[in-house]
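The values are calculated or read from the model by the stated rules, or taken from the named source; none is laboratory data. If you're wondering where the values come from, they're calculated on a predicted model, not measured in any experiment. When we count neighbours, we look across all protein chains shown, and the Cβ atoms used for this are built from the backbone with ideal geometry, even at glycine.
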Amino acid sequence: MDLRNAARRKDRSAESASLYATAVRFRFLATQPKEPFKLEVHQLILDHVGENGPIFYRATLLNTEPPGEIRSTGQFGPWNSESPGSTAVSGSYTFDDANLGVFEGIAGTLSSRGKFSGTLEHIESESEADVPNFHVSGSSHIVHLSTEFRAVVDGTNGDTQLLNVRSHFQRTTVLSSGTVTGQAGQQGKTVALEMTVKDGRIDDLLSLIAEDKNPSMTGSVTLHANVKVPPGQLGFLKKLALEGDFGVGNERFTNAAVQAPLNSLSESARGENKKQQAEDPETVLSNLKGHISVKNGIATLSNVSFSALGTIAQIRGTYNLLDKTVNLQGVLHTNGKLSDTTSGIKAFVLKAVSPFLKKKTVTIVPFTVTGTSKQPSFALDFDAKRTF
């Protein structure tokens, strides 16, 4: 411990002392081959120093990532010199106006408060955090993110075990658990989480990364995923690693360029002519499910399938989270007429080739979706030979 500008005052009535200090630096000896945990305290007041009982403290800490000021009051001790990590500690804290912009790829102003107790190497805490202006780089949306969590912190190295994290934004709640830990020879800590969404909204999740004002899809969503974010200078989306499975119900594509061709095939499958299709332009999809993997800013979709009345589709491909480009390949199985996906001379040609694409009463339609999320391009792909 490095104390600067410290002053000590004797309390004669209680035969104890108070210690006032500024620019205090604590350096905890690592019990494992890791970087020692360092803590910088801007101001520190200790009461009942020198007694056999606990020491009461008031401290102002300067946090570096994210930058902000932590104020804490509580007590610790008596000091266990043989096993410092077994020293008792308890108290409460507030953390205000922390700038999340120090982490490239996200932004917002965080405030947090909570209480804690235990030993120095096993501090149990109950806390809440609030970010009224959370934003992911590349998205046009700012959301209000609130979180409640229970955690166990090792005060000797800063490693944290997240036991129960409940995060809420818009109409979606995410339940998480995991760790925030360091490794030998590594600067910073790695976040590893297991996340679950039940009865959330796919449009809420997409709004976190969507550039458009309106997300590309709406509907309810379930999600189970493992997320890992290592330390380093790369942006959040480049560092993010995710593996998970999802399911979406009663979903619709909000972009007509994607939704319209699927509408036509589904409406044709239930016997509607083009005039009826025009009067009923939207088709509700169902049973959308699949697997998603995110690495180096690229989301890879696999085993994706969905259905609408009279149609079943299977899709795979990639979505670039950084430049928003889409590269999807799919196969649509429909009871409808292939020519109902378009009009004019193209429809005439498709009527001629449709019999060759039929298997029993089902028309198999290979297609692609390319371009960007803002301007996707849907096209039929007769040369494709795909197995899903």
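Overview of results
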| quantity | calculated |
| --- | --- |
| Only one of SER90, SER72 that is over 30 Å from LEU321 (Cα atoms), in contact with a strand residue (DSSP E or B) (Cβ under 6 Å, 6 or more places away or on another chain) and free of Cβ contacts under 8 Å to residues at least 24 places away in the same chain | SER72 |
| Any chance VAL131 is of a type in the set (Val, Ile, Thr) and farther than 18 Å from VAL227 by Cβ | no |
| Residue selected from the stretch 219-243 under the condition over 12 Å from the mean Cα position of the chain (by Cα), at pLDDT below 85 and under 23 Å from GLY101 (Cβ atoms), by the criterion surrounded by the most Cβ atoms within 10 Å (Cβ to Cβ) | GLY235 |
| Enumeration of residues in the stretch 189-218 that are in contact with a helix residue (DSSP H, G or I) (Cβ under 7 Å, 6 or more places away or on another chain), buried (at least 20 other Cβ atoms within 10 Å of the Cβ) and either β-branched (Val, Ile, Thr) or part of a strand (DSSP E or B) (or both) | MET217 |
| Hey, VAL221 in contact with a Gly (Cβ under 7 Å, 6 or more places away or on another chain), within 29 Å of GLY371 (Cα to Cα) and of a type in the set (A, V, I, L, M, F, W, C) or not | yes |
| Tally of residues being of a type in the set (D, E, K, R) and over 18 Å from ASN99 (Cα atoms) across the stretch 125-154 | 4 |
| Of all residues in the stretch 120-144 being in a loop (DSSP other than H, G, I, E, B) and farther than 20 Å from VAL89 by Cα, the one that is modelled with the lowest pLDDT | GLY138 |
| Filter pass, VAL174 being surrounded by 19 or more Cβ atoms within 10 Å (Cβ to Cβ) and either touching a residue at least 24 places away in the same chain (Cβ under 8 Å) or not in a strand (DSSP E or B) (or both) | yes |
| Subset of the stretch 104-114 (residues that are of a type outside the set (Val, Ile, Thr) and either at pLDDT 95 or above or not in a loop (DSSP other than H, G, I, E, B) (or both)) | ALA107, LEU110, SER111, SER112, ARG113, GLY114 |
| Residues (in a loop (DSSP other than H, G, I, E, B) and either touching a Phe, Trp or Tyr at 6+ places or on another chain (Cβ under 8 Å) or under 23 Å from PHE103 (Cα atoms) (or both)) located in the stretch 42-87 | PRO54, GLU65, PRO66, THR87 |
| Number of the condition not met by SER117 [criteria: (1) modelled with pLDDT under 95; (2) surrounded by fewer than 18 Cβ atoms within 10 Å (Cβ to Cβ); (3) of a type in the set (Gly, Ala, Ser)] | (1) |
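Residue-by-condition table, conditions (1) at pLDDT below 70; (2) within 30 Å of SER139 (Cβ to Cβ):
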residue: MET1; (1), (2): yes, no
residue: HIS48; (1), (2): no, no
residue: ILE70; (1), (2): no, yes
residue: SER81; (1), (2): no, no
residue: VAL89; (1), (2): no, no
residue: ASP96; (1), (2): no, yes
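One line per residue, one yes/no per condition, for (1) under 19 Å from SER220 (Cα atoms); (2) modelled with pLDDT under 90:
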| position | (1), (2) |
| --- | --- |
| LEU162 | no, no |
| GLN170 | yes, no |
| THR173 | yes, no |
| SER177 | no, no |
| GLY185 | no, yes |
| GLY188 | no, yes |
| ALA192 | no, no |
| VAL197 | yes, no |
| ASP203 | yes, yes |
